[in-house]
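First the structure, in the form of structure tokens, and then the observations on it.
All of the numbers you see were taken from the coordinates with simple rules; none came from a lab. Here the structure is a predicted model, which means the values were calculated and not measured. As a convention, Cβ positions derive from the backbone with ideal geometry for all residues, glycine included, and neighbour counts pool all protein chains shown.
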Ligand code: NAD
């Protein structure tokens, strides 16, 4: 496995990027790295899911407790239906109790809020997820803030956001997508990112901003870029770590990537491709994967990278919520 470690850990220091390489990269110069490691989020998520199942079984045997996840979906958005189905399936595979509440596209706000209030006080439910985006007539902030912080397994409540940004994560729920990205980054670079430059592309509340907080907490030097950033390519080129969360297919080109960088592609974009004269639709990320592999040390694929990790982090948060509810250490 390609790995960067800090100075003093036995690798060779590359003066230009202040990174130490070990293992198979030790004798390579940055420009020599023609093929990056594919970061297999799907395999990691499957492994984590198996561990969560074991812990769930132990919780049931030792404390008679089954984690419960409620998923609320409003409307008919096809992508949301797929995400919700996958979340429910994974929850059941982990041994959780799970329930899905499907409301009509034109559901009244007061009915959504009443459902959330009922779930807030339901002892069988430890985690509540409201699938976004919501239909336009619903106030997203009002609805996400209605979930009590100790069941907010998506980490969108202001209490959880405040704990994350102030560095008090011991009893906070961190948003699932950046939490999953962070695990993959730490697998490659270790838990202390001191001296590394991290560039986050996108400043949304669910990905970009919490991602920046997590990277900062791990001592990276963090730059958050967005649609108003000047000369984005030049800024991205400074990144030892690049996290792209934009929603624009293949926007990040290979020559934007610093040699040896770790690249995490959060984007999910549906594009049309022609195969044997037939038009098909397929998913692609925000990063041009083939090009990025020419200079990066490691890149997440789309699909099979961040997506499965997001779902498993939801399970990890729900298990944690159940343990908190039972007064057990998380
Ligand atoms: P968003 O639309 O809320 O935010 C997009 C961000 O990109 C904004 O901050 C905007 O300033 C920035 N941006 C837009 N155009 C830009 C440009 N030309 N240059 C630089 N920055 C630009 O999106 P989001 O909810 O953060 O999601 C981003 C992407 O990640 C989407 O493709 C979404 O589907 C995907 N996503 C994937 C997962 C997962 O589990 N894999 C989870 C959440 C989101």
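Based on DSSP H runs of at least 4 residues, each adding -39500 (n - 2.57), what is the mean residue ellipticity at 222 nm of the chain after dividing by all its residues, to the nearest 500 deg cm²/dmol? Display every interim value, and only then the final one.
On the way: 10 runs with 120 residues, N = 330.
It comes out at -11500 deg cm²/dmol, rounded to the nearest 500.
For the chain, calculate the relative contact order in percent as a whole number, restricting contacts to Cα pairs under 8 Å that are 6 or more residues apart.
Once normalised by length, the contact order is 20 percent.
Antiparallel versus total DSSP beta bridges in the chain: what percent is that, nearest 5? Each step should come with its number before you reach the end.
Working: 13 of 42 bridges.
Here the antiparallel bridges make up roughly 30 percent for the chain.
Over the Cα atoms, compute the radius of gyration (one decimal) and Dmax (the largest Cα-Cα distance, rounded to a whole number) for the range 27-169, in Å.
Rg, Dmax (Cα atoms, Å): 18.7, 63.
Output the antiparallel fraction of DSSP beta bridges having both residues in the range 174-309, as a percent to the nearest 5. Could the numbers behind the result be given before it?
Values: 7 of 23 bridges.
Of the beta bridges lying entirely in the range 174-309, close to 30 percent run antiparallel.
Within the range 314-329, list the residues whose amide N lies under 18 Å from a label point set 7 Å along Cα→Cβ of residue 51.
Residues 314-324, 329 qualify, since their backbone N sits under 18 Å from the label point.
Please determine, in degrees from 0 to 90 and to the nearest 10, the orientation of helix 109-120 with respect to the longest principal axis defined by the Cα atoms of the chain, where the helix direction is its Cα long axis.
Here the helix axis deviates by roughly 90 degrees.
Using the Kirkwood formula on the Cα atoms of the range 174-309, what hydrodynamic radius do you get, in angstrom to one decimal? Can you show the working numbers first?
On the way: mean 1/r = 0.0676 Å⁻¹.
Result for the range 174-309 stands at 14.8 Å.
Nearest 10 degrees, 0 to 90: what angle lies between the long axis of helix 208-217 and the longest principal axis of the chain (Cα atoms)?
That helix lies at roughly 70 degrees to the long axis.
Taking the chain as the reference, fit the longest principal axis to its C-alpha atoms, fit the long axis of helix 78-93 to the helix C-alpha atoms, and give the angle between the two in degrees, 0 to 90, nearest 10.
That works out to roughly 80 degrees.
Got the relative contact order for the range 174-309 handy, in percent, Cα pairs under 8 Å and 6 or more residues apart?
Numbers: 302 pairs, mean separation 30.5, N = 136.
Value for the range 174-309: 22 percent.
Between residue 63 and residue 42, what's the calculated FRET efficiency when r is the beta-carbon distance and R0 is 25 Å? Round to 0.05. Display every interim value, and only then the final one.
On the way: r = 31 Å, r/R0 = 1.24.
The computed FRET efficiency comes out at 0.20.
Kindly identify the range 264-330 as rounded, prolate or oblate by the Cα gyration tensor criterion: order the square roots of the eigenvalues as a ≥ b ≥ c, call it rounded if a/c is under 1.5, otherwise compare a/b with b/c, prolate if a/b is larger, else oblate. Mind showing how you got there, number by number?
Working: a/c = 5.41, a/b = 2.21, b/c = 2.45.
Note, shape of the range 264-330 comes out oblate.
Just want to confirm a number: the relative contact order over the range 65-155, from Cα pairs under 8 angstrom separated by 6+ residues, in percent.
Once normalised by length, the contact order is 38 percent.
Based on Cα coordinates alone, diagonalise the gyration tensor for the chain, multiply each eigenvalue by 5, take square roots, and list the semi-axes in whole Å, largest first. Write out the running numbers ahead of the final one.
On the way: eigenvalues 244, 109, 69 Å².
Over the Cα atoms of the chain, the semi-axes work out to 35, 23, 19 Å.
Considering every Cα-Cα pair within the range 97-163, what fraction, in whole percent, is farther apart than 15 Å?
On the way: 1110 of 2211 pairs.
Result for the distance tail: 50 percent.
Quick one: if you stick a label point 7 Å off each Cα along the C-beta vector at residue 282 and residue 110, how many nm between them?
5.1
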